[in-house]
Amino acid sequence: MIRVNEHYLKLQASYLFSDIARRVAAFQKAHPGKEIIKLGIGDVTRPLPPACVEAFHRAVDEMAAAESFRGYGPEQGYPFLREKIAREDFQRRGAPIEADEIFVSDGSKCDVANIQEIFAADVTVAIPDPVYPVYLDTNVMAGRTGAFADGRYAGVVYLDSTRENGYVPGLPGRDVDLIYLCFPNNPTGAVISRERLQAWVDYARERRALILYDAAYETFIRDERLPHSIFEIEGAREVAIEFRSFSKTAGFTGTRCAYTVVPKGCTAWTAAGEPHSVHALWLRRHTTKFNGVSYPVQRAAEAVYSPEGRAQCRERIDGYLRNAALIRREMTDLGYECIGGDHSPYLWVDTRMDSWAFFDLLLEKANVVCTPGVGFGRCGAGYVRISAFNDFEKVALAMERIRAALRGRA
Ligand code: MLT
């Protein structure tokens, strides 16, 4: 008799964004004439930067010619891309990362989901609330939690991000082993200062813990005092792994390219106290389970670092930030408290009502999709996340409709 992994049965019925997509599809079916504006899932709308498209085309042509055709590439990514990443994203900012510490992949979602499998099944996991659901769900699947009750899984150490702590969680009051952090934050849009990140790194070093740092949105940072990478923080090479993505940076959500930085200084221990290199474990896992990102996609990603590529990416991100500023101004004007949007594509809005009821209200009255905050965790109850990923005209229209729907309510 084939048996199921019963940890899966502890999960909530479906993945948050699939649930929303289903509700939106049902609404669209019932109201075929309505034009829905999506400010829900953080998916880019601007096309790929021309510099990336040109590099992509050139690489496809190479694949079409016998003398330049390539089969399997290195699982960790081609040196041309890994070297650019190490130099441009890290060394230039004073972060001591080498090319062979970069693992190119087809997305941060997969990496952030898969990384936990190299750690013991009984490590204590600290997870922010609210949170990108993948961190939590993959630990549930791996059996690191108990049952779900009252909006939480037993056995997880939740790091509350609330108005009181500026949506940046403080250090846990107990020992934890694996710590998930994400800045600029998804879903709140909050950012972390160097000092507060240093406190997390110091904590991890003292307790021999490890930080999984999701920096998928670092390209939105506009205040140069803020860290773009955890490796700008002293001591982080010993206790942190970082996830980065070309999805939001360069519009690669449909093209798929990301990378994970696993420094050679990171150590994890056996139950008997024997040290092991986390880099070696991840290399073993990556080379066994992954065959590399396609050559044309890696060439397209490399073009992000050319002068034209940089300018084109910057122009796109500036556009999304302009949308975010508009959303924030309008929601504040309507009387809703919100944060985020200044170094992030996400706005976190206190609706002072049930998250899903507010989601339904916007969908039905304004035909605008947002994301219910409670879907990101118990601390998100009463909030919604509004994404700035759309064209300016659509965002302006959405805000006009939201204004008409909500006027006088807040
Ligand atoms: C989000 O909306 O939170 C993101 O688009 C999800 C993701 O990047 O997978």
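The values are calculated or read from the model by the stated rules, or taken from the named source; none is laboratory data. Everything numeric here is computed off the predicted structure, so don't read it as measured data. All Cβ positions, glycine included, derive from the backbone under ideal geometry; neighbour counts span all protein chains shown. Just the protein is used for accessible areas: all its heavy atoms, side chains included, with ligands, DNA and RNA removed. Shrake-Rupley method; radii C 1.70, N 1.55, O 1.52, S 1.80 Å.
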- prompt: Given the rule -39500 (n - 2.57) for each run of at least 4 DSSP H residues, summed and divided by the residues of the chain, what is its mean residue ellipticity at 222 nm, to the nearest 500 deg cm²/dmol?
  reply: -10500 deg cm²/dmol
The range 327-410 - convex hull of the alpha-carbon atoms, volume per residue in Å³: 83
task: Using the Karplus curve 6.51 cos²θ - 1.76 cosθ + 1.60 with θ = phi - 60°, work out ³J(HN,Hα) for each residue of the range 363-373 in order, rounded to whole Hz, and write x for Gly and Pro.
output: 5, 6, 8, 10, 6, 10, 9, 10, 10, x, x
- prompt: Between Ala21 and Trp356, what length in nm is gained on full extension when 0.36 nm per residue of separation is reduced by their alpha carbon distance?
  reply: 119.2 nm
message: Pairwise over distinct Cα atoms, reciprocal of the mean inverse distance: report the Kirkwood radius of the range 215-374 in Å, one decimal place.
response: 19.0
message: Can you give the log10 of the normalised intensity I(q)/I(0) at q = 0.14, 0.21 Å⁻¹, computed with Debye over equal Cα scatterers of the range 186-276?
response: -0.57, -1.06
Integer Hz, Karplus 6.51/-1.76/1.60 couplings in order for the range 35-43, x for Gly and Pro: 8, 8, 10, 9, 10, x, 4, x, 10
- prompt: In a solvent-free Debye calculation with one equal scatterer on each Cα, what is log10 I(q)/I(0) for the range 129-255 at q = 0.11 Å⁻¹, listed in the order of the q values?
  reply: -0.39
- request: Between Ile102, Ile118, Ile386, find the one with the highest GNM mean-square fluctuation for the chain; connect C-alpha pairs within less than 10 Å.
  value: Ile118
field: Cα-centre dipole for the chain with unit charges at Cβ (Lys and Arg positive, Asp and Glu negative), debye to 20
entry: 820
- prompt: Roughly speaking, what % of Cα-Cα pairs in the chain are separated by over 29 Å, rounded to a whole number?
  reply: 46
query: Percent of accessible area on the range 52-306 owned by carbon and sulfur, 1.4 Å probe?
result: 50
field: the range 97-156 - convex hull of alpha carbons, volume per residue in Å³
entry: 104
- request: Between beta-carbons, use under 9 Å as the cut-off and find the net charge around Val262, counting Lys and Arg +1, Asp and Glu -1.
  value: -1
query: What fraction of the DSSP beta bridges in the range 52-306 is antiparallel, stated in percent and rounded to the nearest 5?
result: 45
- request: Starting from the Kirkwood radius over alpha-carbon pairs of the range 53-146, derive D by Stokes-Einstein at 10 °C in a medium of 1.306 mPa s and give it in µm² s⁻¹.
  value: 96
query: Taking only C-alpha pairs under 8 Å that are 6+ residues apart, what is the relative contact order of the chain in percent?
result: 23
field: Of the DSSP H helices in the chain, those whose Cα atoms cover at least 15 Å axially and whose Kyte score averages -0.5 or more
entry: 16-30, 50-64, 392-406
query: With every protein chain present, what is the per residue accessible area of the chain (1.4 Å probe, Å²)?
result: 43
query: Taking one equal scatterer on every alpha-carbon of the range 127-188, how large is log10 of I(q)/I(0) by Debye at q = 0.24, 0.25 1/Å?
result: -1.14, -1.21
